[in-house]
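To start, the structure itself, in structure tokens.
The values are calculated or read from the model by the stated rules, or taken from the named source; none is laboratory data. Bear in mind that the values here come from a model prediction, so they are computed numbers and not experimental data. Every residue, glycine as well, gets a Cβ built from its backbone with ideal geometry; the counts of neighbours run over all protein chains shown.
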Amino acid sequence: MRYISCLPDEGWQSACPRSLAILGSTGSIGRYALDVIRRQGERFRVAALAGARNIPLLAQQAAEFRPDAIGLLDASQAPQLRKLLPSGYSPDIMAGQQGYEAIASLAGISTVLSAQVGAAGLRATVAAAMAGKVIALANKESLVLAGGLIRACCAASGASILPVDSEHNAIFQCLAPGMIKNAPTQSRRQENAAEGTQGTGFCLPPDAGISRLILTASGGPFYGWSRAELAKVTASQALRHPNWSMGAKISIDSATLMNKGLELIEAHHFYGLPMACLDVVVHRESIIHSLVAFTDGSYLAQLSLPDMRIPIAYCLGWPERINSGASTLDLAALSSLSFTCPDEASFPCLALARQAQERGSGSPVVLNAANEEAVVAFLDKRIGFPAIAELVGRALADYASGIYSDYDSSREPESVEEILSLDAEARIRMKEVIRGT
């Protein structure tokens, strides 16, 4: 197992306050993060917030935390934002993707919470990695689209990545003692930098005995439904997740199991294990958030109530555990913990994601782009629920056939520009297919 980056160094660990940039502050992860930060007194300083288009909430957050910089996607909304800010408070306002990238690489910021949704988060995540930041990564699409590139950025800059997704955070918590013990020392980092290999991650020794990583899935709102029943699913039904409170896109991905497929790809990049060593089990209660299997037949698992403040607090406070605000799990109150295999016949997105990663050569980019467009079409009532997987499968087959005129499907994308160019072409093709359905 080779982790994606080195762990945060001693200087970052001892810094107080830690200076934070939160990208996606008005989304669910951003709001949870600010709730954690409120509980910590002077441990953290929010130096920058970026919040897309929810200007009233962004202004409210800025008035409370007084960051030096604020990011928003649409520059035309900057006057509205300024009017809502308190008198005498004049932060720098940065707009568009360039603004997000600038915030992610600001010199006075040590830690970036990357919590944008979808491929839109890629540029800022890469900018933070190139700038050598500690990245609390909640934007799974960054690794799905560019896991190899981000690993290389960490190699060049010494950036560190900590996983916010509950599943990958659970695995990280299970492995943390061995990872800390075997992490490169500061002197070794300096030697690696001289050799040009800093940040390439590090391996746990063979005697760590890791055999598999197992991600748990709730099964979503339609667990046990037949294909005929799924054909009648509405968007409002799909948005009602049984355990977690999430945004619309992630809720639909959870309902199709695409979210778990993307997490498989993410786990491959985080932990450097082949897809054959990564499994998914359905765990309806969402109490065990993932497991590590060892060669002696034992497992380590992380348990908690389904509350995203726990993994967020673990990353922001690492290596210390800080108050997340989450309730404590009452083991005696649990009636049962159940585990079943996912139904990939009724929910083929999981298999499609595994297939895309195994094919490589840009297939995960096409998978994600096609899925994002199909989810939008489903929410807009232009396609049915089963059509999401059908259209993603068609997009992958088209890409593998070599019909994408502007990209060679036999090689890996080598830059952010190539990745986003392929992403754009996949979206155009998917929109054309959706219009024809």
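Could you please find all residues in the stretch 128-148 being crowded, with 24+ Cβ neighbours inside 10 Å and part of a helix (DSSP H, G or I)?
Here is the first cut: in the stretch 128-148, the ones crowded, with 24+ Cβ neighbours inside 10 Å are 128-129, 133-146.
Passing the criteria: ALA128, ALA129, LYS140, GLU141, SER142, LEU143, VAL144, LEU145, ALA146.
The set of residues in the stretch 276-306 that are outside any loop (DSSP other than H, G, I, E, B), of a type in the set (A, V, I, L, M, F, W, C), touching a residue at least 12 places away in the same chain (Cβ under 8 Å) and under 25 Å from ALA255 (Cα atoms) comprises CYS277, LEU278, VAL280, VAL281, VAL282, ILE288, LEU291, VAL292, ALA301, LEU303.
Restricting the stretch 1-39 to residues that are among the hydrophobic types (A, V, I, L, M, F, W, C) and in a loop (DSSP other than H, G, I, E, B) leaves a set whose member that is surrounded by the most Cβ atoms within 10 Å (Cβ to Cβ) is ILE4.
Taking GLU418 as the residue in question, decide whether it is buried (at least 17 other Cβ atoms within 10 Å of the Cβ), without any contact (Cβ under 8 Å) to a residue 24 or more places away in the chain and not assigned by TED's automatic domain parsing to the domain that holds VAL144. Before you say what the answer is, go through the steps one by one.
Details: buried (at least 17 other Cβ atoms within 10 Å of the Cβ): yes; without any contact (Cβ under 8 Å) to a residue 24 or more places away in the chain: yes; not assigned by TED's automatic domain parsing to the domain that holds VAL144: yes.
It is true that GLU418 is buried (at least 17 other Cβ atoms within 10 Å of the Cβ), without any contact (Cβ under 8 Å) to a residue 24 or more places away in the chain and not assigned by TED's automatic domain parsing to the domain that holds VAL144.
Within the stretch 42-56, restricting attention to residues that are over 18 Å from SER110 (Cβ atoms) and not basic (Lys, Arg), the residue that is surrounded by the most Cβ atoms within 10 Å (Cβ to Cβ) is GLY51.
When you scan the stretch 367-386, do you find a residue that is more than 18 Å from ALA255 (Cα to Cα), part of a loop (DSSP other than H, G, I, E, B) and free of Cβ contacts under 8 Å to residues at least 40 places away in the same chain, even just one? Taking every residue of the stretch 367-386 in turn, none turns out to be more than 18 Å from ALA255 (Cα to Cα), part of a loop (DSSP other than H, G, I, E, B) and free of Cβ contacts under 8 Å to residues at least 40 places away in the same chain.
State whether one or more residues within the stretch 78-86 are without any contact (Cβ under 8 Å) to a residue 24 or more places away in the chain, of a type in the set (A, V, I, L, M) and either surrounded by fewer than 18 Cβ atoms within 10 Å (Cβ to Cβ) or in contact with a helix residue (DSSP H, G or I) (Cβ under 9 Å, 6 or more places away or on another chain) (or both). Yes - at least one qualifying residue is present in the stretch 78-86.
If you take the residues of the stretch 346-362 that are touching a Ser or Thr at 6+ places or on another chain (Cβ under 8 Å) and in a helix (DSSP H, G or I), which of them is farthest from VAL433 (Cα to Cα)? Going through the qualifying residues, I end up with GLN357. Taking the stretch 41-79 as the range and being more than 25 Å from GLY118 (Cα to Cα) and in contact with a Gly (Cβ under 8 Å, 6 or more places away or on another chain) as the test, the residues that pass are ARG43, ASP68.
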